[in-house]
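Inspection log for the structure reproduced underneath, given as structure tokens.
Since every read-out is calculated from the coordinates, none of them should be taken as a lab result. For clarity, every value in this text was computed on a predicted model and none was experimentally measured. Here the Cβ positions follow ideal geometry from the backbone for every residue, glycine too, while neighbour counts run over all protein chains shown.
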Amino acid sequence: MKRRIGFYCHQIRGLGHLAISTRLAEALSEHELMEPCVIGSSEIDSLRPNRIKTFWLPHAKEPLTAPNARATLTERSKLLIDFLREWSPAMLIVDTLALGLGWELVPVLEVARLEKWKTRFCLGVTFREGMPSAPRSNPEIRRAFETYRYALGYSDAGFEPVLENLSAYPNIKTKAYQGFVVPTVDSSAERASTSCQQVVVLCGGGFYGVQEIFDAAVTACRICSFGRNIELTFVAGVLAKQFHVPKDISGIAKVRVVQEGKAEHWAARADVVIARCGYSTAFTIIQSSAAIIFAPVKGMDGEQQNRAHTMSQKLERVWALSDITDPGQLARLLEVALESAALPRPLPFLFFDKSRLADLLLTWTEH
């Protein structure tokens, strides 16, 4: 009998967490003893995985404190309880937020405890920022945290030890790292046969600051264009809704704008990549031989800023911007990056191996 493994993803903006859950589920779908399912939602229907089983929830619109959003979250909780009760997975792997989007998993975890479901609950940890550091005093929340007994780290312990402090989850005793769960960059991909230097700007999903990074990249390329032929490719992201090409692009040989595009494709063809520093984007493009300048989104938890700083300190030909609104700073870094030779970059960490995950989950769900 196949082991049913659910992957719950809270994400309603951006792409990274949904991409991780989908990649893990697709890997398991190739195993004869596994039956994975991605549980989530998105405002863009095309982002729903189409090669594996899914359970798609009504989309909750922000702010989540609004009455309509709270009603949607209540409905989602009921749908989740009904689905999980009937489908009865051997394990539910919850990405990042143990309580789910807007705490929608709290009633789910409570019902699972009261009805003594056989489902095991596992926390999937992508990064440490924003993780609770101590047990909660609220009894219902404390019981929800206590439901988790397993944890998967989507990183390498030697580079980002994301499972180091899980004290808020007193019953998590079984943990394992899976390496970074991102696509592979084809290092043999041929670059365009042109005398121009290729600068590629990647905005991740395109939810944050698209125009800001576009304007900065154009200005920096113009400043660095003296004595150079630069082609600029701007990949806005599937979620980018409103942006325009800056009026003054003088000095740049060519400006290409792409709404959607895979990071692994463009990074393999670039001399320099200027990019946001979300998990999926960062650990994908770092596999390429291109020089990389990270322009991290400044979030409250500092996740992208911390990652950009760590990568710039530990990896070759990687730089981190402290202020994307300072075109002079980006231009100075771009000048150095354009002068650097395109060489393979030694990487001191492991990437995801699908056979390792299947063997691990078979062991964890054996009895």
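Helix 303-314 and the longest principal axis of the Cα set of the chain meet at an angle near 60°. A full extension of the chain between Val336 and Ile249 corresponds to an added length of 29.2 nm, given 0.36 nm per residue minus the alpha carbon distance. Anisotropy class assigned to the range 43-112 is oblate, per the alpha carbon gyration tensor with a/c at or over the 1.5 cut-off and a/b no larger than b/c. Exposure proxy ranking for Glu260, Glu110, based on other Cβ atoms within 10 angstrom of each Cβ and starting from the fewest, stands as Glu260, Glu110.
For Lys61, the aspartates and glutamates whose Cα falls under 12 Å of its own Cα, not counting residues fewer than eight places away in the same chain, are Glu43.
Taking a ≥ b ≥ c as the square roots of the eigenvalues of the Cα gyration tensor, the range 1-149 is rounded, since a/c falls below 1.5.
Subtracting the Cα-Cα distance of Arg136 and Arg48 from their residue separation scaled by 0.36 nm leaves 28.3 nm.
Once you reduce the range 268-297 and the range 176-245 to the center of their Cα atoms, the two points are 8 Å from each other. Which of rounded, prolate or oblate describes the range 117-163 when judged by the alpha-carbon gyration tensor and an a/c cut-off of 1.5? Oblate, because a/c is 1.5 or more while a/b does not exceed b/c.
Among Phe145, Phe207, the order by Cβ neighbours within 10 angstrom, fewest to most, reads Phe207, Phe145.
Pairs of C-alpha atoms in the range 197-339 farther apart than 21 Å represent 33 percent of all such pairs.
Cross-link pairs exceeding 21 Å in C-alpha to C-alpha distance, out of Lys2/Lys354; Lys173/Lys314; Lys2/Lys53; Lys241/Lys262, comprise Lys173/Lys314.
Computed packing ranks the peptides 359-366, 19-26 as 19-26, 359-366, most packed first, by mean other Cβ atoms within 10 Å. The C-alpha atoms of the chain define a longest principal axis, and helix 354-364 lies at about 20 degrees to it. For the range 197-339, the share of DSSP beta bridges that are antiparallel, to the nearest 5, is 0%.
For the chain, the longest principal axis of the C-alpha atoms and the axis of helix 327-339 are separated by about 80°. As a rough guide to protection, the peptides 211-219, 347-355 ranked by mean Cβ packing within 10 Å, highest first, stand as 211-219, 347-355. Springs between Cα atoms under 10 Å define the GNM used for the chain, and in it the highest mean-square fluctuation of Thr233, Thr65, Thr147 occurs at Thr65. Fully extending the segment from Gln242 to Arg143, taken as 0.36 nm per residue of separation minus the present Cα-Cα distance, adds 31.3 nm.
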